[in-house]
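The values are calculated or read from the model by the stated rules, or taken from the named source; none is laboratory data. Given the structure is predicted, the values throughout are model-derived calculations rather than measurements. Quick reminder, even Gly has a Cβ in these numbers, built from the backbone with ideal geometry, and neighbours come from all protein chains shown.
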Amino acid sequence: MNSCSDKKEILNENILFDSDYFRKSQINIEQPSLLGEASYFRFDHEDSRLMIWNMVADEIILLSYPELKPIIELKINTLFGSLPIADVYWQNGMLYLVSPSNQVVIYKPESGEMREIELDSALAEIDFRAFRISYFPIYVEDNTLFLCGNADG
Amino acid sequence: MNSKSDQNFFFSASLEIAYDISKGTFQSISQYSSSYRSEELNFYSWPARRNRLLEKSIYSFPHIDSLYVQEKNNSNGNPKVFPRKSILRKRHKVPLVKARFDDYSYLRDYHFINDHYAELITDPYRELIYSVFVPGVDLPAENRLRTEFVAFTIMVYNSDLELQREVFFHAGVYDYRFYFVSPEGLCLHTAATTQGSMRVFDVFDLSKEGDPAEIVPEKLSLQIDLPPLASYLRDSLGLDISADSVVIISGIGCSWLS
């Protein structure tokens, strides 16, 4: 006879559960200035901000949470010129942007402070190119930036 | 489409680097699975995924029934490998047809045909990992498929990479590409609101204990009469009504002419 833990393991390997059981609530987000489907949503767990990045509108909006009121709206091309963006990441009051040419921009909207880090020549030595798309999100942890890349950059 | 030598070149290099912002130094912390250099799959539009949880990088490759974990204190060693296999994983891999490398529609739909693992999501509030699995489906004869027309599952793992459960999401209800994790749970974009100004997300607590209903999925994709291609492009790209032709350059983007 199987123990309870054995049974649980067997269930996990052979049974699918209906998602309805796990659904608990709904969130409505109004984003009138954004277009089409090309919006990516990321939640910053450190300061509870929801970031919306729209690639078509070239726009980043930060919403308070759970109020979902816009706090900051940034036009990427106004701030950073024609820098193509591979991914954006908001954490703890700082915006991190990475371009496919391995350029990293760290921007603090509160003070306007901006720092650019040019990684291309160093990373070229190991044939590394940051992704053009955000399947591997940038991640910042203990002052370390984690970047994924390659394929076609 | 890149050549075999390009494929070798790209996937021999680092998959992830860690850049120390204070010191200005970086190190390579992981590599691609060797199958990226040897197999004929459309990796360029069928990407791998990485996410972070508890100072670990977790990697998911679309065609591989494993999760890979690189721990902080082992950044120079090989990642640990954990088994993963969806209950709905049944299809054999369909290799790319080389003769159709220039066929944009074929490459676009290729991932629908194959079983594959898509998004990899981490939940720092519950210390859980969610791996989205998308079962391969037959392409409709005349209509195009969209991501939200295909059913998917979410495999729920704890931070020790032990499977907790697999949860089924019906075709046509959610678009798994758009989500975020809030203190309340995993917020999934409802398929009905991917256009327009009001976006609706359903919130799921996948750590919820109890006795959820078991399910035997019957329909893995929806067959819906889609609008004509012109209307589809106009809506999905947000084109002005005056645009009467669209030029699409595969892999680069598109422009429209009025």
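Figures for the structure shown
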{"item": "Qualifying positions in region B:176-213 - free of Cβ contacts under 8 Å to residues at least 24 places away in the same chain, in a strand (DSSP E or B) and of a type in the set (D, E, K, R)", "result": "B:Arg199"}
{"item": "Search result, residues across region A:46-69 that are within 21 Å of B:Leu188 (Cα to Cα) and surrounded by 15 or more Cβ atoms within 10 Å (Cβ to Cβ)", "result": "A:Arg49, A:Leu50, A:Met51, A:Ile52, A:Trp53, A:Asn54, A:Met55, A:Ile60, A:Ile61, A:Leu62, A:Leu63, A:Tyr65"}
{"item": "Yes/no for B:Asp175 being acidic (Asp, Glu) and within 11 Å of A:Phe22 (Cα to Cα)", "result": "no"}
{"item": "Tally, over region B:66-125, of residues that are of a type in the set (S, T, N, Q) and either loosely packed, with under 15 Cβ neighbours inside 10 Å or farther than 25 Å from B:Tyr179 by Cα (or both)", "result": "6"}
{"item": "Residue in region B:149-168 that is in a loop (DSSP other than H, G, I, E, B) and within 12 Å of B:Val132 (Cα to Cα) present", "result": "yes"}
{"item": "Number of the condition not met by B:Ala192 [criteria: (1) at pLDDT below 95; (2) more than 7 Å from every other protein chain (Cβ to nearest Cβ); (3) within 19 Å of the chain's Cα centre (by Cα)]", "result": "(3)"}
{"item": "Which numbered condition A:Glu73 misses (of (1) away from chain B (no Cβ under 13 Å); (2) at pLDDT 85 or above; (3) buried (at least 19 other Cβ atoms within 10 Å of the Cβ))", "result": "(3)"}
